2 protein chains.
Amino acid sequence: MKTAKFSDEFWMKIALEEAKNAYEANEVPVGAIIVKDNQVIAKAHNQTEYYQNSLMHAEMLAIKQAIKKLGKWLYNCSLYVTLEPCVMCAGAIVLSRLYKVVFATKDPKAGACGTLYNITQDKRLNHQVEIKSDVLKELSKELLTEFFNEKRGVHKQRPVINIKGEYIG
Amino acid sequence: MKTAKFSDEFWMKIALEEAKNAYEANEVPVGAIIVKDNQVIAKAHNQTEYYQNSLMHAEMLAIKQAIKKLGKWLYNCSLYVTLEPCVMCAGAIVLSRLYKVVFATKDPKAGACGTLYNITQDKRLNHQVEIKSDVLKELSKELLTEFFNEKRGVHKQRPVINIKGEYIG
């Protein structure tokens, strides 16, 4: 039987849906999914506010779900995440032996998969992970920018329309 | 009221008791405690085998317990751990804003608090942590060496004694 092969963009869109769920829950909008054999086996979004726990990143929650399903090692699994993983998550990615990580936008302040560090490809550690970046990065960036602008009280200028639908400013 | 101030060695002994609990449960013997205001508020040992989850390091379990008690931030808390934290745990230490980390023995293969990386004192990240190493390091090293020797089938040569208590080889 031939299995359809989906593109990285296809999977990233699902991760972006998760990021939107985070946004709607007033969490920093980051989403992550884990894919194995063309199937989503884990899906999560950042929930640091919900749990009042700064370790509850989307990647950690998704990895936890995947381990629960598959056991200790995630060989042959790919993680799609809308923001470059931080040091903690990059460490967890190496420890759980993920095969590949695809992320949307780089994180200049905390990224550990090529930006501040390159933990996931460090040959001194006992596992290395294939990395691909910049997949649908604009969509993820836009969502993050909108979230932080809203937090700072910077709203998009929306046209003011009266009840007749006329533009009044 | 004057509060007795306990030494780092005092707290490390409690972390070592936790490491021994790990050893007895056939887990890599690493123990961790978190101390605030002269009180132990969290206590854990490595449970990667028990949970069949390679993220269940002593530090992660202790941090999780402490956050459950105190909320998101662990300012004014100190972590005592018998082995230098790895990348994942060092990331979690920074994210949870721990004040101080004291560890016993360095980890030449995965240590991220001075050995392979110095995550916990990286000024580019948004929190830095005071670090102290080599506290009761020989005791921790001995426990780890004994564990791995046992795993490799290398046992200490013990004298063979017959039922009369006589040395026979």
Failed condition for A:Ala90, given (1) within 9 Å of chain B (Cβ to nearest Cβ); (2) open to solvent by 20 Å² or more (accessible area, probe 1.4 Å): (2)
Number of positions in segment A:61-75 that are facing another protein chain (nearest Cβ under 8 Å) and closer than 14 Å to A:Met88 by Cα: 2
Flag if A:Ala110 is crowded, with 16+ Cβ neighbours inside 10 Å, part of a strand (DSSP E or B) and of a type outside the set (Val, Ile, Thr): no
Only listed residue being touching a Gly at 6+ places or on another chain (Cβ under 9 Å) and either modelled with pLDDT of 95 or more or assigned to a strand (DSSP E or B) (or both), chosen from B:Lys68, B:Lys43: B:Lys43
Hits in segment A:80-97 - residues which are in a loop (DSSP other than H, G, I, E, B) and in contact (Cβ under 8 Å) with a residue 40 or more places away in the chain: A:Glu84
Verdict on A:Lys109 being within 23 Å of A:Leu143 (Cβ to Cβ), of a type in the set (D, E, K, R) and modelled with pLDDT of 95 or more: yes
Residue among B:Ala58, B:Ala32 that alone is within 14 Å of chain A (Cβ to nearest Cβ), closer than 25 Å to A:Tyr51 by Cβ and of a type in the set (Gly, Ala, Ser): B:Ala58
Segment A:116-139 - residue that is crowded, with 17+ Cβ neighbours inside 10 Å and in contact with an Asp or Glu (Cβ under 8 Å, 6 or more places away or on another chain) and, of those, nearest to the other protein chains (Cβ to nearest Cβ): A:Leu116
Which listed residue, of B:Leu95, B:Leu83, B:Leu55, B:Leu74, is of a type outside the set (S, T, N, Q) and over 23 Å from A:His127 (Cβ atoms): B:Leu74
Scope segment A:23-56; condition β-branched (Val, Ile, Thr) and open to solvent by 40 Å² or more (accessible area, probe 1.4 Å); matching residues: A:Val28, A:Val40
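Here is a yes/no grid of residues against (1) free of Cβ contacts under 8 Å to residues at least 24 places away in the same chain; (2) aliphatic (A, V, I, L, M); (3) under 28 Å from B:Leu98 (Cα atoms):
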| site | (1), (2), (3) |
| --- | --- |
| A:Asn21 | no, no, no |
| A:Glu27 | yes, no, yes |
| A:Gln52 | yes, no, yes |
| A:His57 | no, no, yes |
| A:Leu74 | no, yes, no |
| A:Ser78 | no, no, no |
Of the criteria (1) in contact (Cβ under 8 Å) with a residue 60 or more places away in the chain; (2) among the aliphatic types (A, V, I, L, M); (3) assigned to a strand (DSSP E or B), which one A:Leu143 fails: (3)
Set B:Ala15, B:Ala104: member being more than 14 Å from every other protein chain (Cβ to nearest Cβ), within 11 Å of the chain's Cα centre (by Cα) and part of a strand (DSSP E or B): B:Ala104
Filter pass, B:Glu59 being part of a helix (DSSP H, G or I), of a type outside the set (Phe, Trp, Tyr) and crowded, with 18+ Cβ neighbours inside 10 Å: yes
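Is it the case that B:Leu79 is closer than 20 Å to A:Met60 by Cα and open to solvent by less than 20 Å² (accessible area, probe 1.4 Å)?
Numbers: closer than 20 Å to A:Met60 by Cα: no; open to solvent by less than 20 Å² (accessible area, probe 1.4 Å): yes.
No, not satisfied.
The values are calculated or read from the model by the stated rules, or taken from the named source; none is laboratory data. Note that the structure is predicted; figures quoted are calculated from it, not measured. We place every Cβ from the backbone using ideal geometry, glycine too, and count neighbours over all the protein chains shown. We work out accessible area using only protein heavy atoms, side chains counted, and drop any ligands, DNA or RNA first. Shrake-Rupley method; radii C 1.70, N 1.55, O 1.52, S 1.80 Å.
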